[in-house]
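No lab work stands behind these numbers, since they all come straight from the coordinates. Keep in mind it's a predicted model, so treat the numbers as computed, not measured. As a convention, Cβ positions derive from the backbone with ideal geometry for all residues, glycine included, and neighbour counts pool all protein chains shown.
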Amino acid sequence: MAYEMAWLHYHKISEKDFLKFLTAIHVEYEDSIIQSAAEEITSAVRDMFGIYLPYEKGESREGILLKLSKKDELGKEGYHIYPSGKAFVIEANSSSGILYGAFQMIRLLQCGYRAENMEEIKVPDNPLRMINHWDNMDGSIERGYSGKSFFFQDNEIIVDKRIKDYARLAASVGINGVVLNNVNVKNHATELISKKYFKQLKEIQRIFASYGIKLYLSLNFATPIELGNLNSADPLSTEVKNWWKDKLNEVYQELPGFGGFLIKADSEGRPGPFTYGRTHADGANMLAETIEPYGGIIIWRCFVYNCEQDWRDKKTDRARAGYDHFKPLDGTFAGNVILQIKNGPMDFQVREPVSPLFGGMKQTNQMLEVQIAQEYTGQQRHVCYLIPMFKEVLNFRTYCENNRDKVSDIVSGKTYGWTNCGMAAVANTGDDDNWFGHDLAAANFYGFGRLSFDTGLSSEKIAGEWIAMTFGTHPKVQKNIRDILMISWPAYENYTSPLGIGWMVNPHSHYGPNVDGYEYDRWGTYHRADHFGLGVDRSTKGTGYAAQYHNPNALNYETVENCPEELLLFFHYVKYTHRLTNGKTLIQHIYDAHFEGVEEVEVMLKMWIELIDYIEDSVYQRVLKRLEYQLEHSKEWRDIICSYFYRKSAIPDDKNREIF
Ligand code: GCU
């Protein structure tokens, strides 16, 4: 096997008190998911205890029992795990629940729990917990930083052992849906829903299904034209509707149980209903109606904006676009449509406000989209543990209702009683030996899954689990790696773009500092820096974006005085001499934050070096190399940003550090 197994590579454990359960696995009912659960337990027990567990059908009072039950409190996918006499019981209402319970039992053992402390009931918070791959059929991955696709190569679908191991990694953290291909559906990918590919898709679907994962595909809205030779894809045309009817009939004949489609329409050059003068609701509902008889869903992205803006135009605001397009359509979407909304109104920057669509739309299923591929946060060459950012998003109060108004309540369906909703992450995997490019980037995949399953988990707790499973439970290993992870996002924010302004990256690659890289371009991503100050006025005097929120958020964002400081430049144009709450001027803050960010990376590197005797050498060296590189690159960021603003403002650093 050329690749490693990340957190599913188990460590031996010395815990004796679990041994009494290790006589056999007993199952009362069998299907492919229960078989997977039993297989997982068998191999984990073998690796952790060196014991081979026999597998037996039928009831028992001893051993590890996989038990289907009918208990309301366990919901559809929840589990109850507990020791009972000579048995350790994994109980759930569904096979998936049993699989999640099995992985949780393994996780607790790896984290050093004693059997008596291993009782737990957990029902997943989000109905849908999805990974969106941006894999292209030629094997490349859009915004992929860990090698090539393991799903596609040379326009063919790969079906091999790695697909199963991927499903194991995903299911182990509770993922229950995977979109296989890039949202930008072009060329061969349009043909994924044709005879050419059904056979392999069926095989992947079977493997996924045995781990409780539904298969989804990204869809090209213009498929009737490109595949069906029609001259239109107008969602209100009878001919187009009939074409889709036949197509979906064919798809479900071949792939029964198929989850549905993810669609990027009228965005960044992708086709959509606007071409025909129709709305997004027209487009989504036509597909939803057609897929409804099969139980499928349509996930429609809200990443819709004018990507041909004139940089001189200060009224058009990309941040406003999602809300402006979709809010008026609230209540008009079918029940099996979900709107998938990026966490912020722009595009996965290191700091953005939460999209006002959350809590803005009340009668439309919504799903939160985050990106664990670190497109704008170091591209898996820098460590940037994103779970604390996702926690902030989930905990954001929208003030849409009196209670249950956090983003976590909305997307989990608790606020409005939706059942089609949840969380999705743009994947950070590839065919690198360690799957994630940077060994520490695995924490983002692991963490996303765990958080979408249990939004109450803290970032530290998730980090601790992941470290225990990946590197072990030694206190020094735990402490140092947890500290590295927890420092990493604030550090990245410090040495890159200040106070919510974002971007300042090289065009296209989105990597490395380039303050004016997008400043005079068409993408709507401006910082508006001049000799006196910088920032975008999004108050009512500016673009009016702040007013898209409910109060008190809208009121707070409206003024410089009340705006949360970390978002100051997102909402306001501010002079370099403006004093922040800590008494520093804005320009001094920019200098200080950038120097601090680099110092934080120095600390991260030092903490890793202290682990030389505790981490397997090849992994130690891999991470060391990347951290050394990160330190150099953070200096590059610091020096370019500080020099730029020194030259613009002509205000020297109070501390007389070298600014070029
Ligand atoms: C970003 C990213 C694109 C991607 C797009 C999307 O703009 O750079 O590569 O296609 O997001 O989310 O659709």
The answer for the net charge of residues other than residue 85 whose Cβ lies under 15 angstrom from its Cβ, with Lys and Arg +1 and Asp and Glu -1, is -2
Taking the dipole about the Cα centre of the range 502-605, with the C-beta of Lys and Arg at +1 and of Asp and Glu at -1, give me whichever of 539, 556, 510 is farthest to the positive side.
539
Simple Cβ-charge dipole of the chain, Lys/Arg +1 and Asp/Glu -1, about Cα centre, in debye nearest 20
640
Using a/c under 1.5 as the rounded threshold, could you call the range 421-482 rounded, prolate or oblate? The axes a ≥ b ≥ c are square roots of the C-alpha gyration tensor eigenvalues, and prolate needs a/b larger than b/c, oblate otherwise.
oblate
Quick note, the range 128-457: a/c under 1.5 would make it rounded; otherwise a/b > b/c is prolate and the rest oblate (a ≥ b ≥ c, C-alpha gyration tensor); here it is rounded
Sum -39500 (n - 2.57) across every DSSP H segment of at least 4 residues in the chain, then divide by the residue count to get the 222 nm mean residue ellipticity, nearest 500.
-11000 deg cm²/dmol
Report for the range 6-122 the percent antiparallel among DSSP-assigned beta bridges with both residues inside it, nearest 5.
40
Is the range 505-660 rounded, prolate or oblate when judged by the Cα gyration tensor, a ≥ b ≥ c being the square roots of its eigenvalues, rounded requiring a/c under 1.5 and prolate requiring a/b larger than b/c?
prolate
I want the local charge near residue 602. Using Cβ-Cβ distances under 14 Å, sum +1 for each Lys or Arg and -1 for each Asp or Glu among the other residues.
-4
Taking Cα pairs closer than 8 Å and at least 6 residues apart, the relative contact order of the chain in percent is 12
With both bridge residues required to lie in the chain, what share of the DSSP beta bridges run antiparallel, to the nearest 5%?
25
Based on alpha-carbon centroids, what's the gap between the range 374-399 and the range 627-644 in Å, whole number please?
21
Selection from 573, 187, 382, by position along the positive dipole direction of the chain (Cβ):
573
Counting other C-beta atoms within 10 Å, which of 518, 29 has the fewest, and how do the rest follow?
29, 518
Placing +1 on the Cβ of each Lys and Arg and -1 on the Cβ of each Asp and Glu in the range 6-122, which of 121, 105, 51 has its Cα farthest towards the positive end of the resulting dipole?
51
List the pair-distance distribution P(r) of the chain, using every Cα-Cα distance, as the percent of pairs falling in each 10 Å bin from 0 up to the bin containing the longest distance, rounded to whole percents.
3, 15, 25, 26, 19, 9, 3, 0
Mind checking the dipole of the range 6-122: about its Cα centre, +1 per Lys or Arg Cβ, -1 per Asp or Glu Cβ, Debye to the nearest 20?
260
Loop only by DSSP, 14 or fewer other Cβ within 10 Å of the Cβ. Give me the chymotrypsin sites (Phe, Trp or Tyr not before Pro) in the range 63-134 that pass, ordered by residue number.
none
Trypsin sites (Lys or Arg not before Pro) lying in DSSP loop within the range 455-553, provided at most 14 other Cβ fall within 10 Å:
522, 541
Just how far, in whole angstrom, is the range 555-626 from the range 166-192 if you go by their alpha carbon centroids?
34
